[in-house]
1. Select from the stretch 121-167 the residues that are aliphatic (A, V, I, L, M) and open to solvent by less than 50 Å² (accessible area, probe 1.4 Å) and write down the one among them that is modelled with the highest pLDDT.
2. Given GLU57, GLU66, GLU71, which one is touching a Cys at 6+ places or on another chain (Cβ under 7 Å), surrounded by fewer than 18 Cβ atoms within 10 Å (Cβ to Cβ), farther than 30 Å from GLU161 by Cα and at pLDDT 90 or above?
3. Which residue is farthest from PHE305 (Cα to Cα), if the candidates are limited to the stretch 238-259 and must be open to solvent by 60 Å² or more (accessible area, probe 1.4 Å) and of a type outside the set (Asp, Glu)?
4. Is it fair to say TYR286 is among the aromatic types (Phe, Trp, Tyr), out of contact with any Leu (no Cβ under 9 Å at 6 or more places or on another chain) and surrounded by 13 or more Cβ atoms within 10 Å (Cβ to Cβ)?
5. Show the residue pairs meeting these rules: Cβ distance below 6 Å; 6+ apart or different chains; first residue within the stretch 93-110 and open to solvent by 30 Å² or more (accessible area, probe 1.4 Å) and among the hydrophobic types (A, V, I, L, M, F, W, C); second residue in a loop (DSSP other than H, G, I, E, B) and at pLDDT below 95.
6. Out of the residues in the stretch 208-237 meeting the condition of being crowded, with 16+ Cβ neighbours inside 10 Å and touching a Phe, Trp or Tyr at 6+ places or on another chain (Cβ under 8 Å), tell me which one is farthest from ARG164 (Cα to Cα).
7. Report, ordered by the first and then the second residue, all pairs with beta carbons closer than 6 Å, sequence separation of six or more or different chains, a first member in the stretch 208-220 that is touching a residue at least 12 places away in the same chain (Cβ under 8 Å) and within 13 Å of ALA254 (Cβ to Cβ), and a second member that is open to solvent by 40 Å² or more (accessible area, probe 1.4 Å) and part of a helix (DSSP H, G or I).
8. Are there any pairs, at least 6 apart or on different chains, whose C-beta atoms fall under 7 Å, with the first in the stretch 317-346 and over 16 Å from GLU290 (Cα atoms) and of a type in the set (A, V, I, L, M, F, W, C) and the second in a helix (DSSP H, G or I) and open to solvent by 50 Å² or more (accessible area, probe 1.4 Å), and if so, which?
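The values are calculated or read from the model by the stated rules, or taken from the named source; none is laboratory data. All values derive from a computational prediction rather than experimental measurement. Here the Cβ positions follow ideal geometry from the backbone for every residue, glycine too, while neighbour counts run over all protein chains shown. Note: areas computed on protein heavy atoms with side chains; ligands, DNA, RNA excluded. Shrake-Rupley method; radii C 1.70, N 1.55, O 1.52, S 1.80 Å.
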Amino acid sequence: MSTAPTPPPKITAALVSVGGSPAPVLHVLRQHRPAHVWYFCSAGSRANADDIQRQLEWHPAPRFIEIARFEELGPCYRELRRKLPDILAETKVPPAEVLVDYTGGTKTMSAALVLAAAELFQQFSYVGSEQRDKGGLGIVLDGKERALYQGNPWTELAIREVERARDLWAGCQFETAANVLRDVAPRVPLRHRFEALATLAEGMAARHRLDFHEATRRLREAIGRMRPIFEARPAASPLPLAKNALQICQACAADTAGPTLLRELLDNALRTAAQGRYEDAAARLYRAMEMQAQLWLADATGGLFTNGRCKPENTAQIPDTLKTLPFCQPDVHGEIKLSLEQCFLALEALGHERARAIAADIALGTRSRWRTATEKRNAGILAHGVLPIGKAGFDEIKKAAEDFLGFEVAREANPVPALDLRWFELEQ
């Protein structure tokens, strides 16, 4: 927070707390001669405010915010919160052109004024002096006043915005977090840092929506921006997070599915479920189950099947065991396409152990745990039905994935680290 004797550039209105000696208030008002003066006073100090107003040679437009319970923080704060927006709307004074002086009044009134004004205004002043009565412990001596001008620490440090971005990040709302950081960046001293971290959040947003090409591009940009800022401070740096995320997204951006994409899909399903988006989470988990079957089938056939498909030029080379299966016949285009269950039935024919257990369960018909779980997704409103999946439905699909496929879905394998508030702090 900046503290200096240099006054702010343009002051159209002054919001001042009143109580005690009028000299400090008169000093700061005469320095700026604002067109509007808004007095925050008690019933006992209203006469002081009227007296100050009479002494101002240029006759500014006054407004009085009078508080009865001036020794109680809550009532003082509430009254300011209630009155200030109306005053701003009626006078049409830009908040950036308001100076808040909290010198006068009770300590409670000054505290309430700063609390309420910090939400709206950027410029603050306090009138002090190197000479006071009572051996330097009393009030400022008349004629010895010195105004100290200070910026709003909430604005300069973007405390509220950073904390909001942290909470949004924790809820995987990375895009909104990026918008918060990018919007506040022009108003803080560490603008380039905030913009770099906004780019990181945009990369994480692309990762969360499974756009791995865009995520790779944004994460590379973020690393380039953050490297000169954070390389010298490894103890509190987002670079390891960004580099790890980039490595994952680069692997996931490949043309064909692989173990990294499968694991990322599972982690994404868990993150999405944690957001309460169970329909979307179930869709991701179902796709991971299908992807696992396709990866196993690709491995079992030496790559003849890719993503559950066998191209026309490869159909003659598939194992004879598969050629006898009715669902493993080429379509009119000469390609073999297998559904989720068909992939597992083909694997069962090739002797795959886990697929054998799934095929045996499917054969149970209406008593099949596998089909009961997968039908939850198929009957969901984002698939082929109109029913909500909900948490119970997602957990049922997750349990089937654990039991039949051996998926480890109790927790993420590659969790997203929390947004560290130290990333926004200037090195000491």
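1. Taking the stretch 121-167 and keeping what is aliphatic (A, V, I, L, M), we get 127, 137, 139-141, 147-148, 157-159, 162, 165.
With the extra rule that they be open to solvent by less than 50 Å² (accessible area, probe 1.4 Å), the set shrinks to 127, 140, 147-148, 158, 162, 165.
On the way: VAL127: 90, VAL140: 47, ALA147: 82, LEU148: 87, ALA158: 85, VAL162: 94, ALA165: 97.
Top of the filtered list is ALA165.
2. Details: GLU57 fails: touching a Cys at 6+ places or on another chain (Cβ under 7 Å); GLU71 fails: touching a Cys at 6+ places or on another chain (Cβ under 7 Å).
None of the other options fit; the residue is GLU66.
3. In the first step, residues of the stretch 238-259 are kept if they are open to solvent by 60 Å² or more (accessible area, probe 1.4 Å); the result is 240, 243-244, 247, 250, 255-256, 259.
Going one step further and asking which of them are of a type outside the set (Asp, Glu), we end up with 240, 243-244, 247, 250, 256, 259.
Values: PRO240: 37, LYS243: 33, ASN244: 31, GLN247: 27, GLN250: 23, THR256: 11, PRO259: 16 Å.
Of everything passing the filter in the stretch 238-259, PRO240 is farthest from PHE305 (Cα to Cα).
4. Values: among the aromatic types (Phe, Trp, Tyr): yes; out of contact with any Leu (no Cβ under 9 Å at 6 or more places or on another chain): no; surrounded by 13 or more Cβ atoms within 10 Å (Cβ to Cβ): yes.
In short, no.
5. Going by the 6 Å Cβ cut-off, the qualifying pairs are ALA96/GLN122.
6. Once the filter is applied, the top-ranked residue is PHE230.
7. If the second residue must be open to solvent by 40 Å² or more (accessible area, probe 1.4 Å) and part of a helix (DSSP H, G or I), the pairs left are THR216/GLN250.
8. Once the first residue is over 16 Å from GLU290 (Cα atoms) and of a type in the set (A, V, I, L, M, F, W, C) and sits in the stretch 317-346, its partners that are in a helix (DSSP H, G or I) and open to solvent by 50 Å² or more (accessible area, probe 1.4 Å) give PHE327/GLN342.
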